[in-house]
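Reviewing the structure listed below.
Bear in mind these aren't lab numbers, they're just calculated from the coordinates by the rules spelled out. Quick caveat: nothing in here was measured; it's all calculated off a predicted structure. Every residue, glycine among them, receives a Cβ derived from its backbone with ideal geometry; neighbour counts consider all protein chains shown.
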Amino acid sequence: MNRVKIAPSILAADHADLKGEIGKAESAGADMIHVDVADGHFAPNISMGPDTVRSIRATTRLPLDVHLMISEPEKFVGSFLSAGSDIITVHTEVVEEKQVSKLSKTIREQDKKLGLALKPSTPIPPWFKSNLASIDLVLILAVNPGFPGQRFMPEVLPKVGQVLELAHPAHIELELDGGIDQGNAPVIVRAGATILVAGASIFRKGDVKSAVHEMRTVIDRTLQEVSA
């Protein structure tokens, strides 16, 4: 039974106590920490930058899954690598095909991973399959980017299957982000996602550890049902 990873999104955490919030998620068994970076242009919000990532890096041994919701990611990839990012995900809406291999080379030279993100309305780019060798992860957004606590959009689920079909037989992580909670996690796991990003359903339920444990229980039960 393959493990589906849980990536708590600190955009929904208490920013006055990120160290404490991340520590709770880590001790509860989270697999990575998801960091949403918004520039106020590509996404209608302004959030964290390299300095925040650097501070987080000093507080946890978990992989840092950094989602760049920014207009010109190529200008900032180096800064986020230096800050301690393990996965850097850029948006297909703002990168051209020729940039993908270049970004991948820069990131993999540091033994890190490149992800490609798609907004809910964005189709899989026609150049995706021919660039699989450069891609480690695909992030499908189930909400419009920028703010935590939005409602999950189930209409994005067919895109999960489309990505997995195009990627086969290569192994690629399939991450879903946006409105994911303990109630809709089963349908997302059944669709084929391998990483679930959860923000409000982890950090705004009252007890972080219990929320992570509940998410893990739901995921593992679903995996057992699928494999039965």
Taking K and R as +1 and D and E as -1, what net charge do the other residues with C-beta under 11 Å from the C-beta of residue 223 add up to?
+2
When all Cα-Cα pair distances of segment 176-219 are considered, the percent exceeding 13 Å is 47 percent
So what is the relative contact order for segment 32-197, in percent, with contacts set as C-alpha pairs under 8 Å and at least six apart?
17 percent
Protection proxy ranking, peptides 150-156, 222-228, 183-189, average beta carbon neighbours within 10 Å, highest first:
183-189, 150-156, 222-228
What shape does segment 32-197 have by the C-alpha gyration tensor, where a ≥ b ≥ c are the square roots of the eigenvalues, rounded means a/c under 1.5, and otherwise prolate means a/b greater than b/c and oblate the rest?
rounded
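Using unit Cβ charges (K, R positive; D, E negative) and no other charged atoms, how large, in debye to the nearest 20, is the dipole of segment 32-197 about its Cα centre? Before the final figure, lay out the partial values.
Details: 15 positive and 19 negative charges, 40 e Å.
With Lys and Arg at +1 and Asp and Glu at -1, about 200 debye.
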Hits for the chain under the membrane-span-like helix rule (DSSP H, Cα axial span at least 20 Å, Kyte-Doolittle mean at least -1.0) are 208-227
Once every DSSP H run of n ≥ 4 in the chain is given -39500 (n - 2.57) and the sum is divided by its residues, what mean residue ellipticity at 222 nm do you get, rounded to the nearest 500 deg cm²/dmol?
-10000 deg cm²/dmol
What's the extension gain from residue 122 to residue 168 if we count 0.36 nm per residue and subtract their Cα-Cα distance?
14.5 nm
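How many Å³ per residue does the convex hull of the Cα positions in segment 1-61 occupy?
Details: hull volume 6.3 nm³, N = 61.
Roughly 104 Å³ of hull volume per residue.
Using a Förster distance of 30 angstrom, determine the FRET efficiency expected from the C-beta separation of residue 205 and residue 130, and round it to 0.05.
Details: r = 42 Å, r/R0 = 1.40.
With a Förster radius of 30 Å, E is 0.10.
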Cut-off under 5 Å, modelled amide H: who pairs with residue 91 long-range
70, 117
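What is the sum of charges around residue 204, taking Lys and Arg as +1, Asp and Glu as -1, for the other residues whose C-beta is under 12 Å from the C-beta of residue 204?
-3
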Can you compute the FRET efficiency between residue 102 and residue 226 using 1/(1 + (r/R0)^6), with r the Cβ-Cβ distance and R0 = 45 Å? Round to the nearest 0.05.
0.75
So if I take the centroid of the Cα atoms in segment 1-59 and the same for segment 110-162, what is the distance between those two points in Å?
18 Å
